[in-house]
Amino acid sequence: MSRRIAVLAGDGIGPEVIAVGLERLDPSWEMVPIDAGAGRYLRTGDTITGSEVDAIRDCDALLLGAVGDPRVPDGVLERGILLRLRRELDLYVNLRPFPELGIVFVRENTEGLYAGVGECDEVHAFETSVNTRTAIQRTAGYAFRLARTRGDHLTWVHKTNVLTYAGGLWRAVVEDVSTSFPEVSVDYLHVDAAAYHLVRDPGRFDVVLTDNLFGDVLSDLAAGVGDGLGAAASANLHPDPQTRPQRCVGLFEPVHGSAPDIAGTGLADPSAAIGAVELLVDALEQEVAVT
Ligand code: IPM
Ligand code: MG
């Protein structure tokens, strides 16, 4: 089946690792290059336009290298491109497999402290974590279905002893979803304890369900325990075709950043980009990663 893939190679080592990843795709597939990232921002002041987002929606998937550059203020490219695409395409699951550890992270990908809600002046800064039943429920549902295809074991991670509002809602929703999956054994860990156990005893984990920021941090930690950031790939998915708001099934990317310090030196490891291409091909083959 012929496919159309949007390719946003981005900054730093992005283009070189994506070039290697693309060699793994069927050469008959159409590639739609998206010129976005630091180079364009510094040239034009734009991150990505609505019509480019629409062009991505009309592709089967988006492959992204990395965005980020020390010449661009923090957040401009991250929020302007990557987080915008995750939100606007409603890619609510961030799936991060670590096959070498037998662990897969299911990270809620649209809310939490990534929601961009807050305010500041010279002496105050408020950053609000957004948590909705709908978002927790659909992410948890995906994680439990995934657990059923693996070892029937799920660990969910939060900080319910301190973040009592968000943690309380997460607990209520995860417990509610778990009643539909009686065969899946459920474990809960506070995020600090989860960090400790990931280093000391990664074998106790299988599917790990967590919120946006905890998932960001713990997945880098797992990469450090496992084969390194050079090998970690991720899939940002809207897994259900019935509710998916577009043709595009997801955004596939290495977990690593743009590493401008080694760009062009030949040192960049393309394994994560190859892994991202494999996740992309898998998602298109299955159409839904989990059914
Ligand atoms: C990741 C990255 C992004 C995130 C950054 C680049 C915004 O660290 O995909 O893990 O925090 O989600
Ligand atoms: Mg990260």
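Per atom type, the chain shows carbon and sulfur on 53% of its accessible surface, probed at 1.4 Å. For the chain, the spread of Cα positions along the three principal axes, ordered from largest to smallest, is 54, 49, 38 Å. Contact order, relative form, for region 153-291: 22 percent (alpha carbon pairs under 8 Å, 6 or more residues apart, mean separation divided by residue count). Under the criterion of Cα pairs below 8 Å and six or more residues apart, the relative contact order for region 225-265 equals 44 percent.
What residue among A143, P70, L221 has its Cα farthest toward the positive end of the dipole of the chain, where the charges are +1 on Lys, Arg and -1 on Asp, Glu, each on the Cβ? So the residue furthest toward the plus end is A143.
Potential lengthening of the chain between D54 and S185 amounts to 43.1 nm, from the contour at 0.36 nm per residue minus the alpha-carbon distance. Heavy atoms of the protein chains alone define the surface here; on that basis the chain has 44 Å² accessible area per residue at 1.4 Å probe size. Near the amide H of G250, within less than 5 Å, lie the amide hydrogens of L62, all on another chain or at least 5 residues away, with H placed in the peptide plane. GNM on the chain, C-alpha springs below 10 Å: top fluctuator among A193, A38, A223? Highest fluctuation of the listed residues: A193. Using 0.36 nm per residue and subtracting the Cα-Cα separation, the extra length available between A172 and V76 on full extension is 31.1 nm. With a cut-off of 12 Å between beta carbons, the residues surrounding R71 carry a summed charge of -2, where Lys and Arg count +1 and Asp and Glu -1. When DSSP beta bridges are restricted to pairs lying wholly in the chain, around 45% turn out antiparallel.
Normalised by the number of residues in the chain, the mean separation of alpha-carbon contacts (under 8 Å, six or more apart) gives a relative contact order of 26 percent. For region 169-180, 3J(HN,Hα) computed residue by residue from phi via the Karplus equation (6.51, -1.76, 1.60; θ = phi - 60°) reads 5, 4, 4, 4, 6, 4, 5, 4, 4, 4, 5, 7 Hz, glycine and proline entered as x. Classification of region 83-212 by its C-alpha gyration tensor yields a prolate form. The axis ratio a/c (a ≥ b ≥ c) is 1.5 or more, and a/b outweighs b/c. What you get for region 86-186, charging only the Cβ of Lys and Arg (+1) and of Asp and Glu (-1), is a dipole of about 460 debye around the Cα centre. Amide H contacts of V207 (H built 1.01 Å from N, in plane; Pro and chain starts excluded): V104, H153, T155 sit under 5 Å, all sequence-distant by 5 or more or on other chains. Helix 191-200 and the longest principal axis of the Cα set of the chain meet at an angle near 80°. Peptides 43-54, 81-92 ordered by packing proxy, namely the average of other Cβ atoms within 10 Å per residue, highest first: 81-92, 43-54. Packing, taken as the mean count of other beta carbons within 10 Å per residue, orders the peptides 1-14, 240-253, 122-135, 169-182 from highest to lowest as 1-14, 240-253, 169-182, 122-135. About its Cα centre, region 30-155 has a charge dipole of approximately 540 debye under the convention of +1 per Lys or Arg Cβ and -1 per Asp or Glu Cβ, with nothing else charged. Between D220 and T149, residue separation times 0.36 nm minus the direct Cα-Cα distance comes to 23.1 nm. Couplings 3J(HN,Hα) of region 89-95, computed from phi: 8, 6, 8, 7, 10, 10, 9 Hz, in residue order, whole Hz [Karplus 6.51 cos²θ - 1.76 cosθ + 1.60, θ = phi - 60°; x for Gly and Pro].
The values are calculated or read from the model by the stated rules, or taken from the named source; none is laboratory data. All values reported here derive from a predicted model rather than from experimental measurement. Backbone-built Cβ (ideal geometry, glycine too); neighbour counts: all protein chains shown. For accessibility, only protein heavy atoms count, side chains too; no ligands or nucleic acids. Shrake-Rupley method; radii C 1.70, N 1.55, O 1.52, S 1.80 Å.
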